[in-house]
């Protein structure tokens, strides 16, 4: 559902800033059958605002798994930690790709919690990444 409080100009800015990729799992809009959406990093229900610093581009699956949650359990430390924040944290510091370039690996507590909480290695995403990597279209630059 479109949030009318986010202007079309802000939606375009968020899309361009993310280069058309989910800011969590890095799925690319150009190869997706579903439109990426502008989501609130801190959900409105948790006090987040409709400001550019709180908006991220997300694929429907990451957005649905994140929903109104702020974090998840880190699989290594077993502690509840906040999700990765694409506005204040660097993707490369929190995640990397496995040797096949198809699996996202969390490098930090926040990275691991985000990978698990958002189910970033969903079968369909892993399969698509594999096909795209054969053609040099994945990972996105």
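What to note about this one:
- Strands (runs of 3 or more DSSP E) wholly inside the range 3-88 that include at least 3 residues being under 15 Å from residue 119 (Cα atoms): 71-73
- Those residues of the range 89-99 which are assigned to a strand (DSSP E or B) and buried (at least 17 other Cβ atoms within 10 Å of the Cβ), in sequence order: 95
- When we screen 52, 36, 107 for residues that are at pLDDT 95 or above, within 27 Å of residue 6 (Cβ to Cβ) and in contact with a strand residue (DSSP E or B) (Cβ under 9 Å, 6 or more places away or on another chain), the only hit is 36.
- Here the condition is being out of contact with any strand residue (DSSP E or B) (no Cβ under 8 Å at 6 or more places or on another chain) and surrounded by fewer than 20 Cβ atoms within 10 Å (Cβ to Cβ); of 79, 69, it holds for 69 alone.
- Residues of the range 117-136 satisfying the condition of being assigned to a loop (DSSP other than H, G, I, E, B) and exposed (fewer than 15 other Cβ atoms within 10 Å of the Cβ): 135, 136
- The numbered conditions (1) touching a residue at least 40 places away in the same chain (Cβ under 8 Å); (2) within 21 Å of residue 38 (Cα to Cα); (3) touching a helix residue (DSSP H, G or I) at 6+ places or on another chain (Cβ under 8 Å) are all true for residue 82 except (1).
- Exclusive hit being touching a helix residue (DSSP H, G or I) at 6+ places or on another chain (Cβ under 8 Å), surrounded by 16 or more Cβ atoms within 10 Å (Cβ to Cβ) and not in a helix (DSSP H, G or I), set 114, 102: 102
Residue-wise test of (1) closer than 22 Å to residue 106 by Cβ; (2) crowded, with 23+ Cβ neighbours inside 10 Å.
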residue	(1), (2)
20	no, no
30	no, no
35	no, no
38	no, no
43	yes, no
48	no, no
57	yes, yes
60	yes, no
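- Residues in the range 6-16 include at least one that is touching a strand residue (DSSP E or B) at 6+ places or on another chain (Cβ under 9 Å) and within 26 Å of residue 136 (Cβ to Cβ).
The values are calculated or read from the model by the stated rules, or taken from the named source; none is laboratory data. Predicted model only: the values in this text are computed from it and were never measured. Quick reminder, even Gly has a Cβ in these numbers, built from the backbone with ideal geometry, and neighbours come from all protein chains shown.
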